[in-house]
Amino acid sequence: MHTETTYMAEKGHDVTDRTPAILVLADGRTFRGYGFGATGTTLGEAVFTTAMTGYQETMTDPSYHRQIVVSAAPHIGNTGWNDEDNESHGNHIWVAGLVIRDLAQRVSNWRAERSLSEEMEKQGVIGIRGIDTRTLVRHLRNYGSIAAGLFSGEDAKRPVEELLKEVKSQDSMEGADLAAEVSTDEPYTVEAVGEKKYTVVAFDMGVKTATPRHFSQRGIETVVVPANTSFDKVKSYNPDGVFVSNGPGDPATADEMVGIIKQVLEAKIPFFGICFGNQLLGRALGLDTYKMKFGHRGINVPVRNNVTGTIDITSQNHGFALKAPEGYDLNSNDAEFATDFGPAQVTHICLNDDTVEGVALRNGMAYSVQYHPESAAGPHDANPLFDQFEELMANHTPNK
């Protein structure tokens with residue numbers, strides 16, 4: 001038996017556009033509103049983000065592949081859409097769908113080139129507006145991220161029981177191997193700005209364009225390669241460092257990439273990973289991963305650096321995390337755990353829920369964080385992690 005919530009707030013909308021739409025959750029909860037963007041059906045995992053800004057960067061982040069994103073911020077679309085803030089190679093929208101309360105009726109930003117709705121229609125992305133997102137976010141927080149379906153136009157008029165059956169038939173996010181679906185097909189190079197200092201091979205597990213841009217600004221040439229590129233191929237680029245990016249899916253499925261990272265560590269090549277890359281480094285060091293109840297998605301997540309004692313406000317998007325070693329003291333900088341590559345430590349934890357947010361080898365040759373230091377969108381607190389990688393390569397590069 002389903003419980004249906006209807007909100008359909010009209011203030012500030014073009015009330016002539018009344019395309020019916022419905023969001024159906026796998027637990028039977030439904031929310032009716034009005035469609036915007038493309039029309040039709042989309043399936044995915046319903047998740048929520050607490051970010052107040054940066055919806056364009058969120059929607060083009062490949063880590064959101066197969067996810068229907070619910071915005072906790074009530075007013076979306078006021079800055080429109082431009083061609084500079086996309087975070088995917090090829091300017092592709094990766095979210096499966098978008099769920100909001102109020103859609104801006106007018107675009108109000110000098111950089112805007114078109115509206116959010118126009119871009120979504122152009123790329124075939126379905127949205128629903130006019131629903132009670134406060135109730136929906138609380139539901140997801142209480143019961144966890146869940147399989148869902150977004151139906152608009154004629155599809156929204158089908159019997160709810162029929163729609164619910166379709167929602168339940170989709171594959172689970174747990175056990176999903178999605179990195180290859182978002183990764184580049186061919187290697188490409190992002191040149192260094194000014195004099196080239198180093199070469200980094202970056203595994204594209206769903207990399208955001210801001211990341212190689214940060215490298216470039218530091219005089220680092222980035223060779224972006226597809227997921228699961230062999231270690232022999234990596235070595236052919238004669239890299240000073242190896243980077244593994246953010247990306248979607250279950251890290252427990254990425255055995256091949258974990259094996260490649262182990263080869264990088266054995267070769268003592270400086271290593272840096274973020275988000276998915278953090279989970280894969282953790283696995284290479286012997287840690288397990290698990291699916292979180294509702295994950296971390298937003299640009300205001302507090303993280304403590306156990307090494308320095310500082311606290312950063314971070315941008316995050318992940319539904320999986322690393323398990324801390326058995327009996328590990330997360331509040332101690334002296335704690336460590338044994339790995340095949342020497343002692344390692346948990347370097348960062350989330351202050352909201354004690355989630356492991358970073359790991360590193362004690363010798364400094366490899367480190368990673370769960371959050372997004374490229375800050376697109378989000379605060380710049382964690383930008384110095386890129387400087388740390390530059391310094392690591394300067395002190396330990398195998399080419400010198």
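Which condition number in (1) under 26 Å from GLU391 (Cα atoms); (2) touching a residue at least 24 places away in the same chain (Cβ under 8 Å) is the one that SER236 fails?
Unmet condition: (2).
Hey, any hits in region 97-108 for a residue that's over 24 Å from GLU181 (Cβ atoms), touching a residue at least 40 places away in the same chain (Cβ under 8 Å) and outside any loop (DSSP other than H, G, I, E, B)?
Scanning region 97-108 turns up at least one residue that is over 24 Å from GLU181 (Cβ atoms), touching a residue at least 40 places away in the same chain (Cβ under 8 Å) and outside any loop (DSSP other than H, G, I, E, B).
Restrict the check to region 309-331 and report whether at least one residue is over 28 Å from ASP240 (Cα atoms) and aromatic (Phe, Trp, Tyr).
yes
Okay, residues lined up against (1) in contact with a Leu (Cβ under 6 Å, 6 or more places away or on another chain); (2) among the β-branched types (Val, Ile, Thr); (3) open to solvent by 10 Å² or more (accessible area, probe 1.4 Å):
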position: GLY309; (1), (2), (3): no, no, yes
position: ILE313; (1), (2), (3): no, yes, yes
position: ASP329; (1), (2), (3): no, no, yes
position: ASP334; (1), (2), (3): no, no, yes
position: THR339; (1), (2), (3): yes, yes, yes
position: ASP353; (1), (2), (3): no, no, yes
position: ASN363; (1), (2), (3): no, no, yes
position: ALA377; (1), (2), (3): no, no, yes
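Output the residue which, of all residues in region 224-248 that are outside any strand (DSSP E or B) and hydrophobic (A, V, I, L, M, F, W, C), is surrounded by the fewest Cβ atoms within 10 Å (Cβ to Cβ).
PHE231
Could you identify the single residue in GLU221, GLU191, GLU181 that is open to solvent by 60 Å² or more (accessible area, probe 1.4 Å), more than 17 Å from PRO373 (Cα to Cα) and free of Cβ contacts under 8 Å to residues at least 40 places away in the same chain?
Every option except GLU191 fails the conditions.
Do we find a residue being within 25 Å of the chain's Cα centre (by Cα), in a loop (DSSP other than H, G, I, E, B) and either under 23 Å from PHE320 (Cβ atoms) or touching a residue at least 12 places away in the same chain (Cβ under 8 Å) (or both) anywhere in region 144-158?
Among the residues of region 144-158, at least one is within 25 Å of the chain's Cα centre (by Cα), in a loop (DSSP other than H, G, I, E, B) and either under 23 Å from PHE320 (Cβ atoms) or touching a residue at least 12 places away in the same chain (Cβ under 8 Å) (or both), which makes the answer yes.
If ASP204 satisfies all but one of (1) crowded, with 20+ Cβ neighbours inside 10 Å; (2) in contact with a Gly (Cβ under 7 Å, 6 or more places away or on another chain), what's the number of the condition it fails?
(2)
Being among the acidic types (Asp, Glu), modelled with pLDDT of 95 or more and within 24 Å of the chain's Cα centre (by Cα) is the requirement here; does GLU357 meet it?
Considered against the rule, which asks whether it is among the acidic types (Asp, Glu), modelled with pLDDT of 95 or more and within 24 Å of the chain's Cα centre (by Cα), GLU357 comes out as yes.
Can you pull out the residues in region 369-400 that are touching a strand residue (DSSP E or B) at 6+ places or on another chain (Cβ under 8 Å) and closer than 15 Å to THR308 by Cα?
Selection gives VAL369, ASP381, ALA382, LEU385, GLN388.
Out of the residues in region 315-327 meeting the condition of being crowded, with 18+ Cβ neighbours inside 10 Å and of a type outside the set (A, V, I, L, M), tell me which one is nearest to PRO384 (Cα to Cα).
Across region 315-327, the extreme among qualifying residues is SER315.
Among the residues of region 175-192, is there at least one that is in contact with a His (Cβ under 7 Å, 6 or more places away or on another chain) and either in a helix (DSSP H, G or I) or more than 26 Å from LEU43 (Cα to Cα) (or both)?
Within region 175-192, one or more residues are in contact with a His (Cβ under 7 Å, 6 or more places away or on another chain) and either in a helix (DSSP H, G or I) or more than 26 Å from LEU43 (Cα to Cα) (or both).
Hey, can you tell me all the residues within region 339-354 that are more than 21 Å from the chain's Cα centre (by Cα), at negative phi and free of Cβ contacts under 8 Å to residues at least 40 places away in the same chain?
If the condition is that a residue be more than 21 Å from the chain's Cα centre (by Cα), at negative phi and free of Cβ contacts under 8 Å to residues at least 40 places away in the same chain, then PRO343, GLN345 are the ones that fit.
Can you pull out every residue in region 57-73 that is among the hydroxyl-bearing types (Ser, Thr, Tyr) and in a strand (DSSP E or B)?
Hit for region 57-73 is SER71, nothing else.
Pick from HIS348, HIS380: which is within 25 Å of THR211 (Cα to Cα) and assigned to a loop (DSSP other than H, G, I, E, B)?
Testing whether each residue is within 25 Å of THR211 (Cα to Cα) and assigned to a loop (DSSP other than H, G, I, E, B) leaves just HIS380.
Filter region 124-160 for residues that are surrounded by fewer than 16 Cβ atoms within 10 Å (Cβ to Cβ) and farther than 19 Å from THR19 by Cα and give the result.
Once the filter is applied, which keeps residues that are surrounded by fewer than 16 Cβ atoms within 10 Å (Cβ to Cβ) and farther than 19 Å from THR19 by Cα, region 124-160 yields ARG134, THR135, ARG138, ARG141, ASN142, TYR143.
The conditions are (1) modelled with pLDDT of 95 or more; (2) part of a helix (DSSP H, G or I); (3) open to solvent by 30 Å² or more (accessible area, probe 1.4 Å); (4) not charged (D, E, K, R), and TYR290 fails exactly one of them. Which is it?
Among (1) modelled with pLDDT of 95 or more; (2) part of a helix (DSSP H, G or I); (3) open to solvent by 30 Å² or more (accessible area, probe 1.4 Å); (4) not charged (D, E, K, R), TYR290 violates only (2).
Restricting to region 254-269, name every residue that is under 17 Å from ASN238 (Cβ atoms) and assigned to a loop (DSSP other than H, G, I, E, B).
Of everything in region 254-269, those that are under 17 Å from ASN238 (Cβ atoms) and assigned to a loop (DSSP other than H, G, I, E, B) turn out to be ALA267, LYS268, ILE269.
Scan (1) open to solvent by 50 Å² or more (accessible area, probe 1.4 Å); (2) in contact with a Phe, Trp or Tyr (Cβ under 9 Å, 6 or more places away or on another chain); (3) closer than 27 Å to VAL190 by Cβ for the single condition SER88 breaks and write down its number.
Tallying (1) open to solvent by 50 Å² or more (accessible area, probe 1.4 Å); (2) in contact with a Phe, Trp or Tyr (Cβ under 9 Å, 6 or more places away or on another chain); (3) closer than 27 Å to VAL190 by Cβ, SER88 fails exactly one: (1).
Using beta carbons and a limit of 6 Å, which pairs, at least six apart or on different chains, have the first residue in region 289-305 and in the same structural domain as ALA321 (by the TED database) and the second one open to solvent by 30 Å² or more (accessible area, probe 1.4 Å) and charged (D, E, K, R)?
Close Cβ pairs satisfying both conditions: TYR290/LYS323; LYS291/GLU174; PHE294/ARG141; VAL303/ASP312.
The values are calculated or read from the model by the stated rules, or taken from the named source; none is laboratory data. Just so it is clear, the model here is predicted, and its values are computed rather than measured. No Cβ is skipped: glycine too gets one built from the backbone with ideal geometry, and neighbour counts run over all protein chains shown. Surface areas here come from the heavy atoms of the whole protein model, side chains and all, with no ligands, DNA or RNA. Shrake-Rupley method; radii C 1.70, N 1.55, O 1.52, S 1.80 Å.
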